[in-house]
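Below is one structure; the comments refer to it alone.
What follows draws every value from the coordinates through simple rules; no lab data is involved. For clarity, every value in this text was computed on a predicted model and none was experimentally measured. Every residue, glycine as well, gets a Cβ built from its backbone with ideal geometry; the counts of neighbours run over all protein chains shown.
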Amino acid sequence: MKKLSLILICLLAAGIMMPTEVNAQKKKKEFKWALPELTGDASFDEYLLKCDTLYNNIKGYCNNIEFYEVAEITVIDENGEKDTQYQVVDKDGNLRSSNKAFQQNMDLIMAYPQIALDMTGMAAYTTSATAALPGLGMKALSYAKYLKAGPNIISMGGSEMKKIYKKARAQAKQIKALKQGKIDEVKALQAEVNGGDVNAGTASLRAIEMNKANYEEQFGKITAEDNEIGNVTNNDIPEDTI
């Protein structure tokens, strides 16, 4: 009877790792993870803890990010005279520190390779956990479902993280060009920032109108912030090895 139970557990695990065509066609739901009580088995618990760390790292990478953008701002004075400026703005059209925006992008660029490496390594931990499952005895019936967690976490984070990483790289290059006064390059990079191919042509920058008094007030604030953080745009952007 015990042998039969172990066989059933192994078949259950195999079914989890190799979903049927019918299951694959089901509408995907957002994957949510919560660390369960540890089993006491070193290999399986290591897998659970790796899943927990990777899930939280991916969520932290993808969430709570507000991408800014470079805008072409038409500044209008009290006499109706117009002047064109190029600045980093938020979604509401408010000026933002270009140095802080650049640093956020650099943080995303630097964090991505390690998380991507951890995702690659998850396959080995999943294999070890699968092998350890029968040793859990009757616990295996309730813990077998967690063997789906590793692949689901990788699926959840892989494509979304890469999009964010690519956009961060493109925008860092764009802000660097902005700080260097290379406006043609800023415009040329907009297609890449939007998720397209930089060689496919240019995309238009966001166009904003702002009265001069408002612009000068906001410009004074971001200048103080830029001076506080320093000109981080002098830092080199790492080569894309992903």
(Q) Among 85-91, 98-104, 215-221, 145-151, how do they line up by average Cβ neighbours within 10 Å per residue, starting with the highest? (A) 98-104, 145-151, 85-91, 215-221
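At 0.36 nm per residue, and after removing the present C-alpha to C-alpha distance, how many nm does the segment from Glu46 to Phe67 gain when stretched out fully?
Difference between extended and current length: 4.1 nm.
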Q: Return the ratio Rg/(2.2 N^0.38 Å) for segment 72-112, where Rg is computed over Cα atoms only.
A: 1.62
Q: Starting from the Cα gyration tensor of segment 114-242, multiply each eigenvalue by 5, take the square root, and state the resulting semi-axes largest first in whole Å.
A: 46, 18, 15
Q) Between Leu117 and Asn56, how many nm apart are label points set 7 Å from Cα along the C-beta direction? A) 2.0
**Q.** At R0 = 35 Å, FRET efficiency that the Cβ-Cβ distance of Ser155 and Lys91 yields, to 0.05
**A.** 0.75
Q: Report the net charge of residues surrounding Cys62, where surrounding means a beta-carbon distance below 10 angstrom and charges are Lys +1, Arg +1, Asp -1, Glu -1.
A: +1
(Q) Over 30 Å between Cα atoms: which of Lys163/Lys187; Lys176/Lys212; Lys50/Lys179; Lys29/Lys187; Lys163/Lys212; Lys91/Lys187 fall into that group? (A) Lys50/Lys179; Lys29/Lys187; Lys163/Lys212
Q) PRE reach from Ser142 (point 7 Å along Cα→Cβ): which of segment 35-71 fall under 16 Å by backbone N? A) 35-41, 45
